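Working notes for the structure below.
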Amino acid sequence: AALAAAAFADAASARRAALDGAALKGLEDAADGYGRSLAAARAECAALESGLAGDEAGAAALDTLAERARAARESYDLIQSRLEAERAERTRLAALAAERGRLRAERAELDARWASLSALSALLNGELPGRRLPFKNYALGAYFRVVAERASARLAQLSDGRYALVADEGAAAGKGKIGLDLLVRDSFTGRHRSVGTLSGGERFLTSLGLALGLADTIRDRSGGASLEAVFIDEGFGSLDEETLDRAVSALDEVRGARIIGIVSHVAELRSRIPSRIEVTKGREGSALRIVG
């Protein structure tokens, strides 16, 4: 029963597990030494407790140490709290620094784009060194030169080869802008002069040449579309007979399929224009008569 209670199967297994005398004696001596050391420690602890219980200064020192320990703990907790806040602030500042770097790179890219677009804007607005040439004037100038070239051919025909038109793109006086003006090239003198120096009849021929040149340009630039009708109001009275004949012949030559209407009081035109509408004034009002 004792073997079974000690978890041995039989006496032989108990003998095998038994310590020899020397080992057992060593364990007994160690146990005795531990017991003596424990008793001495307990006695010393009891003496210290007894001494402290009767020592008010020691108790006060302990209370002071306890208070200092509590204050140190509170200070530690406060410092830990501030440390956590500083860490959070550092994380926030690091994110802001990264965002600042991204924004600086973006600003540098935008500055480069702005410089390019600003230069393009200045060019399109005509802000060139020493003069101004707005883009619309540049585009109009290109178109204007074509119109002047076609009008020049018509004016040469109307003026018997004497006059031709030249686009004047010099800067307008006092404004620093590129103007759109015309000069007349006079083959009799070989010089260019302002259209303001032309006589009344010559100005009318120039205007007529411009109108026809503009019609030709519109046709060329509009895929073959043409002005179906052109009306010329007055101006023929300023022409001498020879110039009048030349103007009417030129109009008849360029008329083609379009209608060219002339509004005029010049009686000589009646014999030169077979198809016309005559307006006659009377006491009871004006009357219309279709001829041709």
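Numerical summary
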read-out: Positive-end extreme of charge dipole, the chain - chosen from Ser271, Gly126, Val146 (charges on Cβ); value: Ser271
read-out: DSSP bridge pairs, the chain: antiparallel proportion in percent, nearest 5; value: 75
read-out: Cα convex hull volume per residue for the range 1-90 (Å³); value: 271
read-out: Over the chain: Rg over Rh, Cα atoms, Kirkwood Rh; value: 1.86
read-out: Share of carbon and sulfur in the accessible heavy-atom surface of the chain [1.4 Å probe, %]; value: 57
read-out: Cβ-Cβ FRET estimate between Val166 and Leu123, R0 fixed at 35 Å, reported to 0.05; value: 0.85
read-out: DSSP H segments from the chain that extend 30 Å or more along their own axis, Cα-based, with Kyte-Doolittle mean of -1.0 or above; value: 21-53, 56-124, 135-158, 200-221
read-out: Accessible surface, per residue, of the chain when the full set of protein chains is kept, probe 1.4 Å, Å²; value: 71
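The values are calculated or read from the model by the stated rules, or taken from the named source; none is laboratory data. All figures in this text were calculated on a predicted structure; none of them were measured in a lab. All Cβ positions, even for glycine, are placed from backbone atoms using ideal geometry, and neighbour counts span all protein chains on display. Ligands, DNA and RNA are excluded from the accessible area calculation, which covers all protein heavy atoms including side chains. Shrake-Rupley method; radii C 1.70, N 1.55, O 1.52, S 1.80 Å.
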